[in-house]
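Participant: What follows is a single structure, and I will ask about it in a moment.
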Amino acid sequence: MKLMLHVAPGIVRQPLIASVILETKALVNIERASIDAVSGEIVLEVPVEKSQEVMDAFERRGVKVVPLENPVIRDENECVHCGGCVSICPTGTFRFEDWRVVADSGKCIQCGACIVACPQRALNLVTK
């Protein structure tokens, strides 16, 4: 399961991921991270069976956690299946199937490349 972590000022310099791994013994994969001196946004992949335990551990440390069941939402009324998202996605989230674009949202790391590439503005990232 993918989790989006929003790290607030004041705790951004703490070893949050390491402490949660040690506490929960969960294997996590950091898929994307954007961290600066005052805040951070991190996308993690965690085993489904450990996801609630990991979410609780982060929240106890003051991290806002958002589960990403569907990290990208496509407006079917706007999508023209041009393939802009297919060609730009670094993880292969999008592909053609019977001349239509389909998504495997489990691959998405919320990098936003597809949002920028979509000429119809049919894609949006889930951030809350």
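The values are calculated or read from the model by the stated rules, or taken from the named source; none is laboratory data. Keep in mind the model is a prediction, meaning the values are calculated, not measured. Note: ideal-geometry Cβ built from the backbone for every residue, glycine included; neighbour counts use all protein chains shown.
Participant: Can you give me the number of residues within region 32-50 that are over 19 Å from SER19 (Cβ atoms) and either part of a strand (DSSP E or B) or not assigned by TED's automatic domain parsing to the domain that holds VAL12 (or both)?
Facilitator: Number of matching residues: 2.
Participant: Still on this structure, I have one more. Hey, does region 4-21 have a residue that's closer than 24 Å to SER105 by Cα and exposed (fewer than 12 other Cβ atoms within 10 Å of the Cβ)?
Facilitator: No - not one qualifying residue is present in region 4-21.
Participant: Another question about this same structure. Among the residues of region 51-86, which ones are farther than 19 Å from PRO15 by Cβ, assigned to a helix (DSSP H, G or I), under 18 Å from the mean Cα position of the chain (by Cα) and not β-branched (Val, Ile, Thr)?
Facilitator: SER51, GLN52, CYS85
Participant: Looking at region 13-28, which of its residues are more than 16 Å from the chain's Cα centre (by Cα) and closer than 17 Å to VAL66 by Cβ?
Facilitator: LEU16, VAL20 - these are the residues of region 13-28 that are more than 16 Å from the chain's Cα centre (by Cα) and closer than 17 Å to VAL66 by Cβ.
Participant: Among the numbered criteria (1) in contact with a Leu (Cβ under 7 Å, 6 or more places away or on another chain); (2) in the same structural domain as VAL116 (by TED's automatic domain parsing); (3) β-branched (Val, Ile, Thr), which one does VAL28 miss?
Facilitator: Checking VAL28 against (1) in contact with a Leu (Cβ under 7 Å, 6 or more places away or on another chain); (2) in the same structural domain as VAL116 (by TED's automatic domain parsing); (3) β-branched (Val, Ile, Thr), the one that fails is (2).
Participant: Which of the residues belonging to region 87-109 are of a type in the set (Phe, Trp, Tyr) and part of a loop (DSSP other than H, G, I, E, B)?
Facilitator: Within region 87-109, just TRP99 meets the criteria.
Participant: Is at least one residue of region 29-36 among the basic types (Lys, Arg), closer than 30 Å to ARG100 by Cβ and under 10 Å from the mean Cα position of the chain (by Cα)?
Facilitator: Yes, region 29-36 has at least one match.
Participant: When you look at GLY112, is it on the phi > 0 side of the Ramachandran plot and either exposed (fewer than 15 other Cβ atoms within 10 Å of the Cβ) or in contact with a Ser or Thr (Cβ under 8 Å, 6 or more places away or on another chain) (or both), yes or no?
Facilitator: Against the criterion (on the phi > 0 side of the Ramachandran plot and either exposed (fewer than 15 other Cβ atoms within 10 Å of the Cβ) or in contact with a Ser or Thr (Cβ under 8 Å, 6 or more places away or on another chain) (or both)), GLY112 qualifies.
Participant: Then there is this: Can we say ARG100 is of a type in the set (D, E, K, R) and crowded, with 19+ Cβ neighbours inside 10 Å?
Facilitator: In short, no.
Participant: Then there's this: Check whether at least one residue in region 95-102 is at pLDDT 85 or above, under 25 Å from LEU44 (Cβ atoms) and within 17 Å of the chain's Cα centre (by Cα), and report yes or no.
Facilitator: no
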